[in-house]
Structure formats: structure tokens, C-alpha cells
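Presented below is the structure to which this report refers.
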Amino acid sequence: MNRSSGLLNTSRHKNTDTDKYHEKETCNKNVAVKDNTIINGDINEQVKKVELKKSISFFGIVAIAIANIGGTGIFIAPTTILKFCGSPGLAMIMWTAGGFMQASMATCVMEVALMFHKAGGPYYFVYQTFGDLPGFVFMWGYLIFLAAPSWALGAYTTSLYSLSMVYKDCSPPEELVKLLAAWIMISVIAINCTYMKVITVIQKFLTSCKVIALIIIIILGLMQVPTDIGQEHIYHFMDGTNKDVGHIALALFAAFYGFGGWPIITILTEEVKKPERDLPRGLGFSFLFLITTMVAANFAYFTVLSKEDALKSDAVAMLFARMIHPVLPFVLVVLICLCSIGTLNVLILSQSRMIFAAGRNGHMPRFMTMLHKKFHTPWPATFALGSLAIVMLLTAESIESLISVVSLYTGLMILILLLCFFTLRWKSPTIHRPLRVPLILPILATILTVFLIVVSVKEKTQELGFVALVVFLGVPVYFICISWQKPANFFRHIDTVGRYLQLSLNLHYENAI
């Protein structure tokens with residue numbers, strides 16, 4: 001089977017209305033392509049090609065990475081890690097170790113990412129390394145268990161933070177939280193339908209809110225060091241340290257996931273101006289900054305809070321703020337809320353490109369490769385994933401169930417990406433690699449990932465079974481819809497939808513005028 005063949009690849013169908021429409025739009029006798037423009041020889045004008053634009057700079061990479069790595073976990077997660085560690089001192093060591101382990105894994109995956117300058121990230125790596133069927137099955141699982149639930153969780157978290165400013169002494173109604181979350185998601189989706197330059201400017205502002213919140217916490221914590229309370233807490237930093245290997249492993253597990261989210265940047269490789277230079281530097285700088293500030297923020301928390309106080313709270317940052325000044329909680333809530341919107345914006349910006357990339361390879365309807373003629377952003381792909389995310393948000397029985405499947409599939413994704421690394425090293429040892437990491441690094445990363453997955457499986461057996469069942473359902477879907485393209489009537493109706501979207505929303509297939 002031709003590798004490019006697949007679901008609704010309408011290039012197979014001759015003389016369709018869509019083809020005629022393209023011919024009418026582009027039929028000029030002398031057309032040349034130069035510097036991403038189409039030069040029309042008949043009317044002597046230049047028209048920009050409809051394609052993803054290289055508009056992400058080094059600072060754009062940093063803004064995206066800092067926003068998504070860890071999300072808003074630093075303002076909540078310290079309680080979980082502290083519970084397993086038993087002391088603030090060991091908790092800070094775990095945060096440091098978790099950060100460097102994730103940075104090591106990111107370096108391994110970055111070697112693979114720089115070999116392929118195409119949108120799609122993990123999906124595209126699996127597709128190129130293992131072939132058509134594995135690529136589709138991975139994408140199928142990614143959209144159901146990682147992309148759509150992540151959008152739902154991001155919107156839900158933002159809504160919860162926003163309503164906490166109104167419902168100060170009680171929890172807001174669940175229905176209100178979900179409705180506001182849906183509105184927030186739709187608003188951020190609308191922003192992502194505009195120019196990439198506008199999106200990245202907004203993202204830089206939202207990321208700065210996370211940085212400002214961390215800096216405020218760190219400075220106020222350092223100001224408490226000379227005080228009697230600060231000195232007493234520092235003196236007892238290692239008191240109560242848990243020496244149980246199992247608990248330390250769970251603490252490391254929590255800290256490790258506290259620095260997750262970095263694979264998102266690999267999906268945007270095609271839109272980075274200088275990927276070989278800026279991707280490794282941007283991701284490296286982001287990890288160094290976040291490891292430093294997150295460990296410093298943990299230190300700051302415990303110059304003010306006792307271990308007992310921290311363990312009683314589900315939002316350590318808010319408790320810290322209340323003990324410093326009565327106005328500070330409101331300031332931090334606003335900053336954390338904006339930071340949470342930034343995380344959601346990154347997810348919507350990047351993960352929609354995976355559907356776009358799948359459309360290129362015939363794993364999604366061809367109209368998923370349409371871009372808006374003016375903004376050069378993938379509207380159909382964004383709308384499709386947004387619709388699935390809103391359905392999950394409104395119908396999920398509990399947010400905890402979404403968190404479970406996201407964490408499980410994330411671990412599996414990292415393991416699959418490391419398998420891509422080893423396979424490419426074995427099958428294509430001489431291919432040019434802008435970045436080449438020592439083999440010991442991916443070997444250690446693989447051992448750690450397997451260990452973390454085993455720990456997850458032990459505690460979440462039912463969730464793993466459900467994830468595995470749905471992922472394997474992707475195999476018959478592939479053969480029916482991608483390989484055989486049945487039922488034919490369904491495909492014709494989808495073609496009609498594509499033509500309607502193209503004409504009504506000013507959309508065009510990639511590289512069309």
C-alpha cells in the first residue's frame with residue numbers, strides 16, 4: 001500500500017468539484033515558486049503560498065516551553081511530593097532530580113526532532129520510524145487520551161482558578177466550572193485562529209505571568225530567611241526525612257511529572273525559524289530556568305510554612321500568600337489564572353498541528369490540511385480537536401479520570417519516543433544529526449521510564465486496561481477507514497464537508513493560492 005494513501009486523501013479521486021475549484025483558482029500559464037511565494041507570470045504579481053509560516057523565534061520557544069513544562073503544578077504539587085519525602089529538604093532534592101531527568105529525556109528526543117523538520121512531533125516521528133499502521137494507532141491514542149483530555153483539563157483548571165476569586169470559602173458549582181471552562185476554551189481557540197505572530201506575543205505575556213508569580217514567591221520567601229521563623233524552619237529542613245525506598249520512588253515519580261509537557265515543542269518544529277539552533281538552546285534554557293525557580297520556590301514556601309501547615313493545604317502557594325499579606329492571594333490567583341490560560345494556549349496551538357500532520361499523511365480527512373488563506377493557521381484541525389475536548393469536558397464523570405489517562409499515555413508516549421531514538425540509531429546510523437547525544441543517556445532514560453510505567457500500572461490497572469483496549473481499536477479503524485476506505489458513501493459526504501468549509505471560511509489546501 002502507498003504510504004501516503006489514507007482516509008479521505010481526495011487526490012485519488014479525479015475530476016472532483018474540489019479539483020476543479022483548485023484549477024480555476026490556480027490556472028496560470030507561467031507560475032514559478034520562489035522564497036515561499038508564487039509568482040504569477042500573466043499578471044506580474046506575487047501571491048504568498050498557503051502554508052505554515054516559520055514565525056517562532058528563540059524567545060517564542062522559551063515562552064511556550066516555560067508555560068507548558070509543569071503547567072501550574074508548582075503552585076499545588078509541593079504537597080504531594082512533601083507527603084512522600086517527609087521533609088522539605090528531601091523534597092527539594094527530588095524536585096531537582098525530577099527536573100534533570102526530564103531534561104535528559106528531552107535531549108534524547110530532541111535528537112530525533114531535529115532529524116525531521118515537519119509538523120506533528122511524536123506522531124510524525126513514529127510514522128517515519130515504524131510506518132503507516134503504528135503511526136495511525138499512536139495518533140489515534142494521542143488524540144483520545146492526551147490531546148483532547150489535556151485541553152479539557154487546562155480549561156477546567158483555568159475556570160477553577162477564576163471562580164476561586166468569587167467562591168472564597170466554598171467550592172464553586174461543578175456545572176458552572178464546566179460551562180466557564182467551555183467558554184474559556186472556545187475563546188482561546190478563537191485566538192489561535194489568528195496570526196501566529198499575534199499568538200506568540202500573547203503567549204509571551206501569559207508566560208511572563210508564571211515567571212512573575214514565581215519571582216514574587218521567591219523574593220518574599222528570601223525576605224523571611226533572617227526572621228526567627230525563617231531560621232527555625234531552615235534549621236529543621238531535613239527533620240522527618242522518609243528513608244523508605246518505595247516512598248522516595250513515589251516522590252521522584254511526582255517530581256518527574258512535575259516537569260512534564262516538553263514534548264509539545266517538537267510538534268511545532270516546522271514553524272520554528274532556526275530549529276537546529278533555537279530548539280536545543282530554547283529547551284535547555286527553559287529547563288535550567290524552571291529547575292532553578294521551582295526549587296527556589298519550594299525553599300521560599302518552607303521559610304514561611306511549617307511542614308504540617310503545608311500538608312494540610314491543597315494549594316500551597318495560596319496558603320503562603322495568606323501568611324505574608326492579605327492582598328497577596330488575590331494577586332497570585334490572577335497571575336496563576338493567566339498562567340493557566342497560557343498553558344491551555346500552548347496545548348491548542350501545538351496539538352492541533354498533529355491533526356494537520358495526520359491529514360498530510362492520509363490519516364485524517366484531507367480537509368484537515370486546510371489553512372486560512374489570510375492567517376495561515378489550521379482552522380479545521382483546531383475546530384475538530386476543540387469539539388472533542390469540549391465533549392470530554394462536559395461529559396467526564398470526574399476530572400481525576402482524565403488526569404489518570406493523560407499521565408498513563410504520557411508515560412507510554414515517552415517510551416515510544418525513546419524506541420524511535422534507538423531504532424533510528426540502528427537503522428540510520430550515518431544520517432545527518434544536528435544533535436547527537438551519548439547512548440548512555442537514552443539507556444538510563446528508558447530504564448527510568450519503564451520503572452515509572454510499572455509503578456503506574458500497579459496503581460492504575462483498570463485505567464491501563466481501558467487505555468490499551470481503545471488504542472488497539474485503532475487497528476481495525478485503520479484497516480477499514482485508511483487501508484480499504486469504507487464505506488464509500490461516508491467518504492463522499494466528508495468530501496462535501498471539505499468543499500463547504502473551503503468555500504465558506506476562506507480556507508485553502510496547503511500550498512494552494
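Things worth noting here:
- When residues of the range 206-233 are limited to those that are surrounded by fewer than 20 Cβ atoms within 10 Å (Cβ to Cβ) and hydroxyl-bearing (S, T, Y), the one modelled with the highest pLDDT: S208
- Remark: T194 falls outside the filter, which requires a residue to be assigned to a helix (DSSP H, G or I), closer than 20 Å to L52 by Cα and in contact (Cβ under 8 Å) with a residue 12 or more places away in the chain.
- Picking from residues in the range 363-395 that are hydroxyl-bearing (S, T, Y) and within 19 Å of the chain's Cα centre (by Cα), the one that is surrounded by the fewest Cβ atoms within 10 Å (Cβ to Cβ) is S387.
- Of the criteria (1) buried (at least 24 other Cβ atoms within 10 Å of the Cβ); (2) over 15 Å from A148 (Cβ atoms); (3) not basic (K, R), which one S352 fails: (2)
- Yes/no for V201 being crowded, with 17+ Cβ neighbours inside 10 Å, in a helix (DSSP H, G or I) and either in contact with a strand residue (DSSP E or B) (Cβ under 8 Å, 6 or more places away or on another chain) or of a type in the set (A, V, I, L, M) (or both): no
- Residues of the range 150-182 classified as exposed (fewer than 13 other Cβ atoms within 10 Å of the Cβ) and of a type outside the set (S, T, N, Q), total: 8
- Taken over the range 95-136, the criterion of being at positive phi and buried (at least 24 other Cβ atoms within 10 Å of the Cβ) is satisfied by G120, G121.
- The residue that is farthest from T410 (Cα to Cα), among those in the range 457-513 that are assigned to a helix (DSSP H, G or I) and small (G, A, S), is S504.
- Taking the range 362-383 as the range and being at pLDDT 90 or above and among the polar types (S, T, N, Q) as the test, only T382 passes.
- Matching option when the condition is of a type in the set (G, A, S), touching a strand residue (DSSP E or B) at 6+ places or on another chain (Cβ under 9 Å) and either touching a residue at least 60 places away in the same chain (Cβ under 8 Å) or within 25 Å of L268 (Cβ to Cβ) (or both), among G359, G386, G342: G359
- E308 vs. criteria under 30 Å from G240 (Cβ atoms) and among the acidic types (D, E): yes
- Among residues of the range 288-317 that are within 18 Å of G99 (Cβ to Cβ) and without any contact (Cβ under 8 Å) to a residue 40 or more places away in the chain, none has a beta-carbon under 8 Å from a residue that is of a type in the set (V, I, T) and outside any helix (DSSP H, G or I) at least six positions away or on a different chain.
- Of everything listed in (1) under 17 Å from G141 (Cβ atoms); (2) at pLDDT below 90, the single unmet condition for L418 is (2).
- Among the residues of the range 324-339, not one is without any contact (Cβ under 8 Å) to a residue 12 or more places away in the chain, among the β-branched types (V, I, T) and touching a helix residue (DSSP H, G or I) at 6+ places or on another chain (Cβ under 7 Å).
- For V211, the requirement of being outside any helix (DSSP H, G or I), of a type in the set (A, V, I, L, M) and closer than 22 Å to P329 by Cβ is not met.
Yes or no, residue by residue, for (1) in a helix (DSSP H, G or I); (2) more than 12 Å from M105 (Cβ to Cβ):
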site: T430; (1), (2): no, yes
site: L435; (1), (2): no, yes
site: P442; (1), (2): yes, no
site: V450; (1), (2): yes, yes
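- So L417, is it farther than 30 Å from F479 by Cα and hydrophobic (A, V, I, L, M, F, W, C): no
- Selection within the range 456-465 - surrounded by 14 or more Cβ atoms within 10 Å (Cβ to Cβ) and not small (G, A, S): V457, K460, E463, L464
- Taken as a whole, the range 397-415 holds no residue that is modelled with pLDDT of 90 or more and of a type in the set (S, T, N, Q).
- Looking across the range 466-500 at every residue that is buried (at least 17 other Cβ atoms within 10 Å of the Cβ) and among the aliphatic types (A, V, I, L, M), the one that is farthest from L402 (Cα to Cα) is identified as I482.
- Counted residues, the range 234-247 - those being at pLDDT 85 or above and either surrounded by 20 or more Cβ atoms within 10 Å (Cβ to Cβ) or in a helix (DSSP H, G or I) (or both): 2
- Residues within the range 289-313 that are aromatic (F, W, Y) and farther than 16 Å from I76 by Cβ, tallied: 2
- In this structure, A321 does satisfy being buried (at least 21 other Cβ atoms within 10 Å of the Cβ), in contact with a helix residue (DSSP H, G or I) (Cβ under 6 Å, 6 or more places away or on another chain) and closer than 28 Å to L153 by Cα.
The values are calculated or read from the model by the stated rules, or taken from the named source; none is laboratory data. Just so it is clear, the structure is predicted and the values come from calculations on it, not from any experiment. Cβ: placed from backbone, ideal geometry, glycine included. Neighbour counts: every protein chain shown.
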